[in-house]
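The values are calculated or read from the model by the stated rules, or taken from the named source; none is laboratory data. The structure presented is a predicted model; accordingly, all values stated were derived computationally and were not measured. Cβ: placed from backbone, ideal geometry, glycine included. Neighbour counts: every protein chain shown.
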């Protein structure tokens, strides 16, 4: 089980990983704690980077910049990427990909 410090955080993020999977937790030092990144590796050494992100509806511009920086760090890593979370951007038009 991996989390973003459930005891010291009012909003917790959890990722459960089977003990049979090789994994590493990644800790970008950017001052953003509403996230968890794991790098999983299969037996053929293919990598999958999984990021779970939470963005508060009252997020500040500075916090939004840290989320973007966090995603940039993830995208620069080797292997496939999967980003999931609650971004609380209610005005996204999924048909046109605009906000």
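Scanning the range 33-77 for residues that are in contact (Cβ under 8 Å) with a residue 24 or more places away in the chain, assigned to a helix (DSSP H, G or I), within 21 Å of residue 91 (Cβ to Cβ) and touching a strand residue (DSSP E or B) at 6+ places or on another chain (Cβ under 7 Å) yields a count of 1.
Tally time: how many residues in the range 79-99 are at pLDDT below 90, in a loop (DSSP other than H, G, I, E, B) and touching a strand residue (DSSP E or B) at 6+ places or on another chain (Cβ under 6 Å)? Looking only at that region, the number is 0. Taking the range 11-29 as the search range and keeping residues that are within 13 Å of the chain's Cα centre (by Cα) and part of a loop (DSSP other than H, G, I, E, B), which one is surrounded by the most Cβ atoms within 10 Å (Cβ to Cβ)? Residue satisfying both the conditions and the ranking: 13.
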